[in-house]
Amino acid sequence: MTLEILTPDQTVYKGEVTSVTVPGALGSFEVLNNHAPIISILEDGKVIIREGKTEQIYQIKGGVVEVIDNKVIVLAEGVVT
Amino acid sequence: MANLKEVRNRIVSISSTQQITKAMKMVSAAKLKRATNAIVQLRPYANKLKDILTNLSTSLEDSTSPFIQEREPVRVLVVVVSSNRGLAGAFNANVIKTANSLIAGKYATQNQNQNVSILAIGKKGKDFYERRKYKTIGNHTEIFSDLSFENVSTVTQTIMDGFVNGDYDRVDVIYNQFKNAGMQILVTEQLLPLPRPAAKAGDAAAESRVDYILEPSQEEIVNSLIPKSIKTQLYKAVLDSWASEHGARMTAMDKATENAGDLIKSLKLSYNQARQAAITTELTEIVSGAAALSNG
């Protein structure tokens with residue numbers, strides 16, 4: 001599935017991932033392939049991206065996530081690297 | 001015929017002016033590239049945000065978000081986006097002119113009752129309205145030296161707080177929209193209350209709408225997205241104006257360089273004519289002097 005992390009200042013991440021964990025408003029949750037369509041508010045927290053065995057972590061500042069048809073789009077207000 | 005030395009001095013002075021305008025043009029061209037880049041970077045975020053909001057727009061109709069509540073516009077805030085520096089052609093003059101006609105036209109009654117406040121982003125607009133004793137809010141001239149979403153957000157946040165507290169019932173923003181380097185379009189947009197998206201009854205897209213899982217709830221998502229969308233709107237306005245400023249300056253300086261070139265050309269012509277005339281006079285004097293001597 002593909003993941004995009006967008007902020008108003010830049011596109012932070014764009015690419016294929018195996019799974020991604022996002023800090024949802026009702027608790028952190030993981031999105032895997034063929035996840036049901038969802039729109040969720042995100043709190044400030046960590047987005048953990050896994051691709052094969054490599055793992056990448058971004059600290060985001062609140063936002064919203066949309067998952068549809070194996071496309072994950074994270075809209076964050078900012079990213080602390 | 002002009003004095004030789006005078007003309008020479010003018011040529012030197014115009015050449016150095018030309019060098020300055022040429023340098024300013026190149027600096028603006030480089031900055032313009034950065035500015036347009038920032039706009040391109042913002043676009044995917046802004047579009048996606050709008051998509052999600054329209055997707056949830058059914059609940060926007062009866063949303064309780066304070067930012068979409070229409071009120072009688074008793075007190076009005078006008079956000080004027082100008083630039084910090086001049087020498088950009090009619091860039092700042094145009095923004096201020098549009099703002100003035102908005103205040104004198106649509107908000108004439110509010111203006112009579114002293115209920116129009118100005119929030120100027122950029123020094124030129126701020127100076128103009130402070131001189132004319134308008135209520136100006138805050139000092140936002142430093143925003144262009146470090147233009148980021150976060151910095152613009154703090155300004156938007158104060159505007160939104162003022163709206164919720166009832167300091168203003170309507171917020172309009174005026175800025176130069178960036179079309180291309182040679183063209184800016186002046187735009188007046190309503191920032192608050194957020195205009196409701198036009199109802200699309202029986203829309204084909206509405207039929208095929210995906211059933212999303214919504215966390216925590218549709219209304220909470222909408223309420224959290226509305227402030228983001230307002231912040232994005234103002235950020236876009238500031239970015240657009242920034243790019244327009246450099247575009248306008250580039251064109252203005254290009255014209256100035258060209259004019260200086262023309263001026264130098266015509267000055268050189270008259271310089272050479274004056275020089276030729278001086279030589280001719282001198283020769284005539286020598287020849288007639290010699291003739292007078294040999295005759296005597």
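Derivation of every value follows stated rules applied to the coordinates shown; laboratory data play no part. Every value quoted in this text rests on a predicted model; they were computed, and no experiment measured them. Note that each Cβ is placed from the backbone with ideal geometry, even for glycine, and that neighbours are counted across all protein chains shown.
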Can you tell which of B:V238, B:S15, A:H35 lies farthest toward the positive end of the dipole of the protein assembly as shown, using +1 and -1 charges on the Cβ of basic and acidic side chains (Lys, Arg; Asp, Glu)?
B:S15
Evaluate the Kirkwood expression for the hydrodynamic radius of segment A:35-81, namely the inverse of the mean inverse distance over all pairs of different C-alpha atoms, and round to one decimal in Å.
11.3
Semi-axes, largest first, in whole Å: what does sqrt of 5 times each Cα gyration tensor eigenvalue give for the protein assembly as shown?
59, 28, 16
Pull up the DSSP beta bridges for chain B and report the antiparallel fraction as a percent, rounded to 5.
40
Per-residue Cβ neighbour rank within 10 angstrom, fewest leading, B:F91, B:F144:
B:F144, B:F91
What 222 nm value per residue comes from the helices of chain B, counting each DSSP H run with n ≥ 4 as -39,500 (n - 2.57) and dividing by all residues, nearest 500 deg cm²/dmol?
-21500 deg cm²/dmol
Treating cross-link reach as a plain straight distance, find the lysines whose alpha-carbon is under 19 Å from the alpha-carbon of B:K268, omitting any fewer than eight places away in the same chain.
B:K5
Can you pull out the trypsin sites (Lys or Arg not before Pro) in segment B:15-94 that DSSP calls coil and that have at most 16 other Cβ atoms within 10 Å?
B:R71, B:R85
In debye to the nearest 20, the charge dipole size for chain A, taken about the Cα centre with +1 at each Lys and Arg Cβ and -1 at each Asp and Glu Cβ, equals 140
May I ask you to list the aspartates and glutamates whose Cα is less than 18 Å away from that of A:K71, ignoring any residue fewer than eight positions away on the same chain?
A:E4, A:E16, A:E30, A:E51, B:D51, B:D211, B:E215
If you average 1/r over every pair of different alpha-carbon atoms in chain A and take one over that average, what Kirkwood value in Å do you get?
12.2
Expected-Rg normalisation [2.2 N^0.38 Å, Cα atoms] applied to chain B
1.53
Report, to the nearest 10°, how far helix B:4-55 tilts away from the longest principal axis of the Cα atoms in chain B, using its own Cα long axis and a range of 0 to 90°.
10
Proximal charge balance of B:V152 [Cβ under 13 Å; K/R count +1, D/E count -1]:
-3
Show which lysines lie in cross-link reach of A:K53 when reach means a straight Cα distance below 18 angstrom and same-chain residues fewer than eight apart are skipped.
A:K14
